[in-house]
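Data first, discussion second: the structure below is written as structure tokens.
The values are calculated or read from the model by the stated rules, or taken from the named source; none is laboratory data. Since we're looking at a predicted model, the values are computed, not measured. All Cβ positions, glycine included, derive from the backbone under ideal geometry; neighbour counts span all protein chains shown. Note: accessible area is taken over every heavy atom of the protein model, side chains too, but ligands, DNA and RNA are not part of it. Shrake-Rupley method; radii C 1.70, N 1.55, O 1.52, S 1.80 Å.
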Amino acid sequence: MSISASTRGAGQGRLAGKTAVIMGASDERSMGYATARRFRAEGANVIIAARRQEAIEALAHRIGARAVPCDIVNEDSLSALAQVALDDFGRLDCAVNYAGIEVQSSILDITAEELRRSSDVHFVGTALFIKHMARAMAQGGSILTASSLTVLAQAPGHAAYAGAKGGADIVVRVAANELGEKGIRVNSIAPGFTKSAMTEAYFEMEAIRRAFLKEMPLGRFPTVEDIAEVALWLSSDEAFVTGQCIDVTAGQALRRVPLASEFA
Amino acid sequence: MNGAGNGTGAGRLAGKTALVVGAAGGGNMGQVIARRFAWEGAKVAIAGRHKDVLDGLAEEIGGVAVPCDFTSRTSIEDMVGATDRALGGIDVAVNATGWGLLKPFLDTTDDDFDRMTILQLQGPFRFLQALIPVMERGGGGSIIQISSATATIMFHDHAAYMATKAGADHLIRTVANEFGHLGIRANSISPGVTETPMTAEAQAVPGLMEAFIKGYPLGRYGTSDDIAAGCVFLASDECFMTGQNLQVNGGLTLRANPSKADIESSIQTALQCEGRS
């Protein structure tokens with residue numbers, strides 16, 4: 001009952017009057033799009049951003065949002081993204097970053113190129129996202145970024161991914177400590193093994209599904225809507241929370257990430 | 001948040017039954033949580049030691065008063081049973097009891113530590129044991145333990161309190177891990193220093209609360225309303241979190257509580273200012 005994913009409250013204006021930027025919303029199965037839709041339902045003006053303009057324009061149109069192309073590894077495009085919020089809506093209150101790429105390699109085979117690619121997106125990108133969003137938040141606000149289960153429990157092959165995400169979580173804490181006096185809260189959300197555009201291929205493999213589900217105390221996979229719900233609460237004025245990494249892993253971080261040998 | 005009246009809020013807990021223990025002190029955190037739950041549409045049972053206080057709040061929020069001594073296993077079991085019968089199940093349970101003992105480590109007696117353990121560690125243990133079968137029967141539920149930032153960060157002369165709060169957090173993780181499959185979620189919330197009756201004495205000392213402010217990146221310390229908001233979030237069906245210790249304290253754990261010397265100098269400064277005016 002209390003873990004049902006199907007019951008989502010209708011909008012109650014919990015973000016009324018706010019303007020939100022949501023980065024990484026280029027697919028209708030993404031956490032970014034689920035968050036954008038939820039934020040719109042709660043009364044926020046929403047700007048969705050991602051690299052591919054066509055993809056976000058269609059999605060933005062569906063929910064009455066603005067679409068702005070942006071690449072998180074390009075600092076100019078991040079500052080331009082924040083500027084759109086100020087130009088179009090006169091303010092920026094909430095920013096959520098889900099931009100991410102898949103990087104998997106065993107530590108024995110890992111390359112400098114893989115480490116740098118992950119670092120550019122997940123570590124440098126996140127830090128610059130926080131910088132430019134915070135600079136635009138004249139009235140205070142909330143900044144969120146996606147962390148990962150792999151930061152909380154060791155996932156084989158994820159040194160480049162988790163290392164950069166974990167570094168970003170430290171940036172979140174340092175930023176929260178610095179930005180608190182401006183009324184800006186900074187937190188991250190660590191999703192568990194969530195069915196999204198990025199992970200859909202894994203969900204088609206029954207052995208992987210089963211191995212992960214076994215490690216989830218709540219007995220079901222997190223959904224993109226679960227993540228959106230936490231993003232909503234953290235973005236609302238109700239959350240006297242800053243510098244935290246919020247675990248939405250179905251309790252999996254209490255257990256472990258299965259080994260690849262168990263998928264066979 | 002003006003919490004009076006049942007169900008006048010956003011209905012985020014509509015149709016739910018909730019038990020809040022530690023709500024028998026006028027204006028304490030448990031009372032604020034209970035009011036907010038009722039405001040969000042929950043049917044609320046409030047528990048604690050002082051029946052007259054409970055009766056007053058029960059009448060105000062249209063709830064049920066259940067006297068309970070949280071240091072007694074029998075009393076805890078009776079409270080859970082009585083609430084179950086009165087409300088027809090328990091969807092949400094909050095433990096907001098506590099005893100804010102401040103005593104130098106070397107002066108803390110076995111008796112102090114025993115009392116603290118019975119209230120703040122055995123109490124939650126017994127409460128969780130009593131709740132799980134009831135929640136299993138109802139198909140699940142959300143359990144919320146009010147912890148403390150000091151279960152993670154330091155404060156002087158507070159060892160027995162801090163250690164038992166940290167222990168209760170680990171019980172919460174255990175329940176999350178072992179009973180999640182029943183639809184039971186268990187989390188704790190850690191406030192920092194909060195204006196409540198528990199800290200009334202401290203608030204009355206000039207300069208004392210000011211010493212804490214520097215530890216809060218957001219520039220203020222918390223209120224019971226902040227904690228109640230966190231409880232509504234963790235209690236609602238939309239929250240897919242379990243086994244977590246949620247820091248609802250404005251970033252205090254990024255910094256620190258004031259040291260003894262910080263507090264003394266802040267009090268001195270305040271007294272000097274008072275003397276001049």
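Computed values, structure above
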read-out: Computed FRET value (nearest 0.05) for B:K103 with B:L271, which takes r as the C-beta separation and R₀ as 22 Å; value: 0.40
read-out: Percent accessible area from carbon and sulfur atoms, the range B:133-234, protein chains only, probe 1.4 Å; value: 58 percent
read-out: Occluded residues from the range B:140-187, i.e. those whose accessible area drops by 30 Å² or more once the chain is not alone (1.4 Å probe); value: B:N177, B:G180, B:G183, B:R185
read-out: Amide N proximity, the range A:222-241 versus A:R91 label position 7 Å along Cα-to-Cβ, cut-off under 11 Å; value: none
read-out: Tilt relative to chain B, helix B:73-87 - C-alpha long axis, 0 to 90 degrees, to 10; value: 60 degrees
read-out: Crossing angle, helix A:125-136 versus chain A [Cα axis fit, 0-90 degrees, rounded to tens]; value: 20 degrees
read-out: Between the range A:217-241 and the range A:244-264, the Cα center-to-center distance that results, in Å; value: 17 Å
read-out: Other protein chain Cβ atoms within 10 Å, averaged over every residue that makes up B:225-234; value: 3
read-out: Spin-label pair A:D109/B:D111, simplified geometry with 7 Å Cα→Cβ offset, distance in nm; value: 6.8 nm
read-out: Cα-based shape type of the range A:1-104, given that a ≥ b ≥ c are square roots of the gyration tensor eigenvalues and the cut on a/c is 1.5; value: oblate
read-out: Residues of the range A:75-103 with amide N under 12 Å of the 7 Å Cα→Cβ point at A:F263; value: none
read-out: Angle in degrees between helix A:31-41 and the longest Cα principal axis of chain A, rounded to the nearest 10; value: 40 degrees
read-out: Pairwise centroid distance, computed over Cα atoms, of the range A:77-115 with the range A:171-213, Å; value: 13 Å
read-out: Net charge dipole size for the protein assembly as shown [Lys, Arg +1 and Asp, Glu -1 on Cβ; Debye, nearest 20]; value: 580 debye
read-out: Total accessible surface hidden between A and B, rounded to 100 Å², 1.4 Å probe; value: 3400 Å²
read-out: Where the protein assembly as shown is the region considered: accessible area per residue in Å², 1.4 Å probe; value: 39 Å²
read-out: Global geometry of the range A:103-257, whether rounded, prolate or oblate, following the gyration tensor of its Cα atoms and the 1.5 cut on a/c; value: oblate
read-out: Three principal axis lengths of chain A [C-alpha, angstrom, descending]; value: 54, 46, 37
read-out: The range A:82-156 - percent of accessible surface contributed by carbon and sulfur, probe 1.4 Å; value: 53 percent
read-out: Long-range HN-HN contacts of A:C245 with modeled amide H, under 5 Å; value: A:S188
